[in-house]
2 protein chains.
Amino acid sequence: MTDLDTLSVNTIRGLCMDAVQKANSGHPGTPMGMAPVAYTLWQRFLRFDPADPIWPNRDRFVLSEGHASALLWSLLYLTGVRTVDPEYEVLGRPAVTLDDLKSFRQLDSRCPGHPEYRWTSGVETTTGPLGQGVATSVGMAIAGRWLAARFNRPDFPLFDFDVYALAGDGCMMEGVASEAASLAGHLRLSNLCWIYDSNRVTIEGHTDITFTEDVAARFLAYGWNVTTVADANDLDLISRAFHTFRAEAARPTLVLVHSHIGYGSPVEDSPKAHGAPFGPEGVRATKRVLGIPPDADFHVPDGVPDWFARGIGARGAELRTRWEKMFDAYRGAYPDFADELERIQRRELPDGWETALPTFPADPKGLATRDSSGQVLNAVAKAVPWILGGSADLTPSTKTRLTFGGAGDFQPGAWSGRNLHFGVREHAAAAVTNGMALTKLRPYWSGFLIFSDYAKAAIRLSALMEIPTVHIFTHDSIGVGEDGPTHQPVEQLAGLRATPGLLVFRPADANEVVETWRVVAALRREPAALVLSRQPLPTLDRDRLAAAGGVAWGAYVLADADADADRGEPEVILLATGSEVALALAAHEELTAGGIASRVVSMPCWELFDRQPREYRDQVLPPAVTRRVAVEEGSTFGWDRYVGPDGAIVGMHTFGASAPLKQLLTKFGFTPERVAQVARELVAPG
Amino acid sequence: MTDLDTLSVNTIRGLCMDAVQKANSGHPGTPMGMAPVAYTLWQRFLRFDPADPIWPNRDRFVLSEGHASALLWSLLYLTGVRTVDPEYEVLGRPAVTLDDLKSFRQLDSRCPGHPEYRWTSGVETTTGPLGQGVATSVGMAIAGRWLAARFNRPDFPLFDFDVYALAGDGCMMEGVASEAASLAGHLRLSNLCWIYDSNRVTIEGHTDITFTEDVAARFLAYGWNVTTVADANDLDLISRAFHTFRAEAARPTLVLVHSHIGYGSPVEDSPKAHGAPFGPEGVRATKRVLGIPPDADFHVPDGVPDWFARGIGARGAELRTRWEKMFDAYRGAYPDFADELERIQRRELPDGWETALPTFPADPKGLATRDSSGQVLNAVAKAVPWILGGSADLTPSTKTRLTFGGAGDFQPGAWSGRNLHFGVREHAAAAVTNGMALTKLRPYWSGFLIFSDYAKAAIRLSALMEIPTVHIFTHDSIGVGEDGPTHQPVEQLAGLRATPGLLVFRPADANEVVETWRVVAALRREPAALVLSRQPLPTLDRDRLAAAGGVAWGAYVLADADADADRGEPEVILLATGSEVALALAAHEELTAGGIASRVVSMPCWELFDRQPREYRDQVLPPAVTRRVAVEEGSTFGWDRYVGPDGAIVGMHTFGASAPLKQLLTKFGFTPERVAQVARELVAPG
């Protein structure tokens, strides 16, 4: 440990303390305790070039204990990480300036309260909700293995990056971390290293009050390698642990670091160090302990940035330029793979991928949208080799298996497989999929819609990060049938639709599924949720009805009353999604037979519809036609927006029940007769 | 193992096979494999009286792998469990008849696809979503310890029940189970026994494909006792394991049973045994293997019900009658405690508990609703000794600690404590709280509103089960401030409000908090979510404004325009909840000053408002007044219901940002000026 090591570590600590103090808000405890570990990792190990923070083969650093963001901001500042905009091109200016650090947690600062992907370059994933970062890191490690399997060639080791995640006691307690750790152990992801900041202090007190398990033993049980650092201030011990990680070829590694929250401060080892500034006096006292000039705020000794430049900076630049040279040669030897890789980095798809999309002939018997989606997914994934995914142990039901030749299973040693087995771990499945999307693959995961509840926190993060994770949910209503209310979603659609930035699709038939995938596969900055039926749905006759391409606008007129010479507008509009569109069509026919002019609007994606110009929206839902009936086998919550006070909603007001589907449809009123009756009552009350 | 043992086990298997076959739907695999274990537990160990399935000191049996419901239905049928209605009184008729078994999974059958609490007597908790049952069982074990600590006296061991939960590989993979197991290990709940049906087969195949951790080692790491049963068909080994559990005084016990899914059937040990009937031929073949007459459906040999009656029936009846005698004597010795216990069983509160409710004087500075709720909670909990709870490591922030004398911490050996430390385990916290509510305590748990996402699946179950779990969520909006978008809820309110049967309260000030608790504490069959602010809110001057008692009706007119002789109705209505009510009042004052007659409606609980008679609703929101502005620092999703097409919503359309609250309010438009401006534009469109 040199003087410059010590000086650097304490410079980080000083910056963190000062940032929190100036903001009068934030979490100084972890940065003080873990600065030496983060410093050692970045300065001595991380293969990361601050000048190009999106170099594809960089090691990833995930700050899972995201409240310690000041630690990351200090590192980004001191190492001079450059800005990337938006995630495709490196710009010259620094990602974090000293002014940014000084405006920590202020509006528009590049140093917000928690790391936010896209907002600050150098942030590999948004963190803060505990457990998410470590779970997401597993997806990055999976992506690393897959990229290596697909692209590496003799003499061209394009991908061999490692993934590090820094986690606290909180992360270790979260179920999503347990799920992800179990999966990582099974997959033998030896490119994954979690660093456990074991300071034994959480918000309510010492971990003795609730967290007394043997974490090391637990991780050994998962099949991990575990190594311990007894003193978080001993850089040599820390280095030894990282060497142990690098030498481990068959298992992920947990580096268990005994650390001291708020190290050096008057509140060291106390919960008080966690989430509040030390106060001006406390900061000064701490600085005196650490040998930092007590009255110099945001003090950066002259030699420190240069020391980082000579460490991580020089190492990263050399590795990156060497890699770029290698890639140039690779481009010559393997032009197709090089092209693929460049498309992946730019989030582009292969030319002509859309020609792979099937069309489905009209068929009154039809097929479940889970089935048609499975077929379309297979066609698209065959055309786009970096689409891969799996299910939370429901593949035979969600129909998401890639079955074409060579797709195979992703397993230890079989890293090119494209079918993952996430196990009964929905939350980790979503978070892991996010990690793969952050590594620019196009991943999906699947489960029953009801289990979106288990994964909601990770689904939300995909929306917040603006990454194109694909969440596939089948068994989307009381259509589940006999499994009953525990498995029948009711409020899940509303919860997903209320999530900003998430595109929720509920296609009505096989051809709407095709059009859904046409939109979804091409997404670059938006996650999507596909909501699919268990039960067969007729494939609509598009010769008689509007084409399914309307999916792209979110909602479209599927069937209309014969134009009335006088008026041109229907008397009543039936709005429906998914499995209820065919029901609305049947009601429409009944109404037509009874002389009532009705229109059927299919609304597969509310979010896209809301983005259309008012002119289009008014064309689909003419404001003058206020008699509207919405039909959806889900909560009525949210439908008022389209139905208005003069309309009616045929939806769910309670939980479902266990019975064959037909009985449930009658019990809950999802029959053409009932829908037509509701419409008739609107048209002619009484 | 006697002939009657064998006959009983195979009778259960035959009934399960037949039920699934007749329904042509269901999960026969686990019942076939685990019938001997369930049989042994019920017949030889479970202290449960079929004639009184709500006897307070009964052992609890939780079928966490709820898809195996046929196993439970067969046991309820064969042991002759009686009906309870609704959960307070034992009725004579059987809970499950042979006809019910024959209508397994049909509409209105007492034998639905998954066990549903309240619907079938003998079901201790609704299960199906994996992991929930085991997590809930931890709450039952906690309640058992607490009841014993509060009510047991020398010579009066009123409470010493055990809690058994049967779990499969799926449950073991779920994060919520990991969280709950870690907590149970910390709490040293030696009254808790999880039986792990380790058949190594899940829907996608052998567990080798994704679940290769050492589960026994993992549970040892949590601090559990682990014992193994190498052969699920060996009743003596099984018995020995349960004796081991009973002898263990310091740790929960995991009984790891090596079992065979679909035992005896042609699809034994195959994923095909999991979720589909064996087919008529398969059923017959299996019956031949097991010595069941192959062509006798729903075959119940004469001696079997009687054998159960002489086993669990006789044992349970004796234990229960002995307990009732003991309780009669206890009533004489400790009349107050006996009264308490009887109230608990009937879900009644102590007489006069409401007198404990404080009132808060008007105060423009005011206090956060998390603070006022903490004060009210303390007052109520002091008056109701069986209110207890805790937080997912956020007590200092959620203000839910019970601080009065004697409240103390609930810890191993300190079982009478009323403050639980759930750790950073939101999902388990909610599920454990459900388990405590199922044991008729009045429990709560708390966290930040954003983390309701982590616990959603358990929150939903509280609504589905109709149990009065109290979910307390603070930090309910961008009011979170500097922590930024990862911690600022947006869509969470919509998701909770869309959940059937859940009462969601967002009180506007301290006195609305009081009225919220007045409603919530008295709930018997409904869960509630309290949504509270981090930031201080003025305590409204109720001399000038309407009384807070309007909370009971869900929404009420808080402030109104001076009655206009001509019209009597306002020009515009401002609707708001929680922290935005004061904002609406300020806008109202600005509008009044500008000569516009506006009304402010506080809407703390939409669900209660929707239950009011139309007359009241139209009084609060006169249909003729279509110019309405809703203000809420959350997703606008759902507000259209009250605002209508002529109204406007000032809400969140994106995620939040990291900054001090004041800056965020301006950025996102939550200022009196903006709200007044929106209202003015409705009244006189510019």
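The values are calculated or read from the model by the stated rules, or taken from the named source; none is laboratory data. Values in this document were obtained by computation on a predicted structure and should not be read as measured data. With ideal geometry, Cβ positions are generated from the backbone for all residues, glycine too; neighbour counts draw on all protein chains shown.
What the table shows:
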quantity	calculated
Meets criteria (touching a residue at least 40 places away in the same chain (Cβ under 8 Å), assigned to a helix (DSSP H, G or I) and on the phi < 0 side of the Ramachandran plot) for B:ALA379	no
Test for B:THR654: is it within 10 Å of chain A (Cβ to nearest Cβ), assigned to a loop (DSSP other than H, G, I, E, B) and surrounded by fewer than 20 Cβ atoms within 10 Å (Cβ to Cβ)	yes
Odd one out for B:PHE670, checked against (1) in contact (Cβ under 8 Å) with a residue 40 or more places away in the chain; (2) within 7 Å of chain A (Cβ to nearest Cβ)	(2)
Among the residues listed as B:THR369, B:THR355, the single one being without any contact (Cβ under 8 Å) to a residue 60 or more places away in the chain, at negative phi and not aliphatic (A, V, I, L, M)	B:THR355
Close pairs (9 angstrom Cβ cut-off, 6 or more residues apart or separate chains): charged (D, E, K, R) in segment B:45-66, at pLDDT below 95 and outside any loop (DSSP other than H, G, I, E, B) anywhere	B:ASP52/B:VAL84; B:ASP52/B:VAL90
Test: residue in segment B:664-683 that is in a strand (DSSP E or B) and over 35 Å from the mean Cα position of the chain (by Cα)	no
Matching residues in segment B:167-197 - criterion: being under 19 Å from the mean Cα position of the chain (by Cα) and more than 21 Å from A:THR212 (Cβ to Cβ)	B:ALA167, B:CYS171, B:GLU174
Hits in segment A:435-482 (condition: under 30 Å from B:LEU107 (Cβ atoms), within 13 Å of another protein chain (Cβ to nearest Cβ) and small (Gly, Ala, Ser))	A:SER446, A:GLY447, A:SER452, A:GLY481
Selection from segment B:258-282 of residues that are surrounded by fewer than 17 Cβ atoms within 10 Å (Cβ to Cβ) and among the polar types (S, T, N, Q)	B:SER270
Candidates B:ALA437, B:ALA407, filtered to the one that is small (Gly, Ala, Ser) and within 11 Å of the chain's Cα centre (by Cα)	B:ALA437
Any hit, segment B:629-640, residues being surrounded by 21 or more Cβ atoms within 10 Å (Cβ to Cβ) and at positive phi	yes
Residue that is nearest to the other protein chains (Cβ to nearest Cβ) [pool: residues in segment B:174-192 that are among the hydrophobic types (A, V, I, L, M, F, W, C) and in contact with a Pro (Cβ under 7 Å, 6 or more places away or on another chain)]	B:LEU187
Top-ranked residue of segment B:574-620 - restricted to ones that are in contact with a helix residue (DSSP H, G or I) (Cβ under 9 Å, 6 or more places away or on another chain) and of a type in the set (Asp, Glu), ranked as surrounded by the fewest Cβ atoms within 10 Å (Cβ to Cβ)	B:ASP610
Selection within segment B:637-651 - assigned to a loop (DSSP other than H, G, I, E, B) and more than 7 Å from chain A (Cβ to nearest Cβ)	B:TRP639, B:ASP646, B:GLY647
Filter result for B:GLU491 (acidic (Asp, Glu) and either within 16 Å of B:HIS427 (Cβ to Cβ) or out of contact with any helix residue (DSSP H, G or I) (no Cβ under 9 Å at 6 or more places or on another chain) (or both))	no
Matching option when the condition is under 28 Å from B:VAL90 (Cα atoms), of a type in the set (Gly, Ala, Ser), surrounded by fewer than 18 Cβ atoms within 10 Å (Cβ to Cβ) and over 32 Å from the mean Cα position of the chain (by Cα), among B:ALA296, B:ALA317, B:ALA309, B:ALA285	B:ALA309
Qualifying residues in segment B:384-429 (those that are charged (D, E, K, R) and facing another protein chain (nearest Cβ under 10 Å)) - the one surrounded by the fewest Cβ atoms within 10 Å (Cβ to Cβ)	B:ASP409
Subset of segment A:26-69 [within 19 Å of A:ARG110 (Cα to Cα) and touching a Gly at 6+ places or on another chain (Cβ under 6 Å)]	A:HIS27, A:PRO50, A:PRO53, A:VAL62, A:SER64, A:GLU65, A:GLY66
Output for segment B:136-177, where each listed residue is over 26 Å from B:THR202 (Cα atoms) and of a type in the set (Val, Ile, Thr)	B:ILE142
Close pairs from segment A:208-224: first more than 7 Å from chain B (Cβ to nearest Cβ), partner of a type in the set (Lys, Arg), Cβ under 8 Å, at least 6 apart	A:ASP208/A:ARG200; A:TRP224/A:ARG251
Filter result (closer than 26 Å to A:THR202 by Cα and of a type in the set (S, T, N, Q)) within segment A:225-272	A:ASN225, A:THR227, A:THR228, A:ASN233, A:THR253, A:SER259, A:SER265, A:SER270
Matching residues, segment B:73-109, being more than 14 Å from chain A (Cβ to nearest Cβ) and among the charged types (D, E, K, R)	B:ARG82, B:ASP85, B:GLU87, B:GLU89, B:ARG93, B:ASP99, B:LYS102
Where A:VAL432 falls short, out of the listed (1) within 22 Å of A:PRO56 (Cα to Cα); (2) within 14 Å of another protein chain (Cβ to nearest Cβ); (3) not in a helix (DSSP H, G or I)	(3)
Members of segment A:218-257 that are assigned to a strand (DSSP E or B) and crowded, with 16+ Cβ neighbours inside 10 Å	A:ASN225, A:VAL226, A:THR227, A:VAL229, A:THR253, A:LEU254, A:VAL255, A:LEU256, A:VAL257
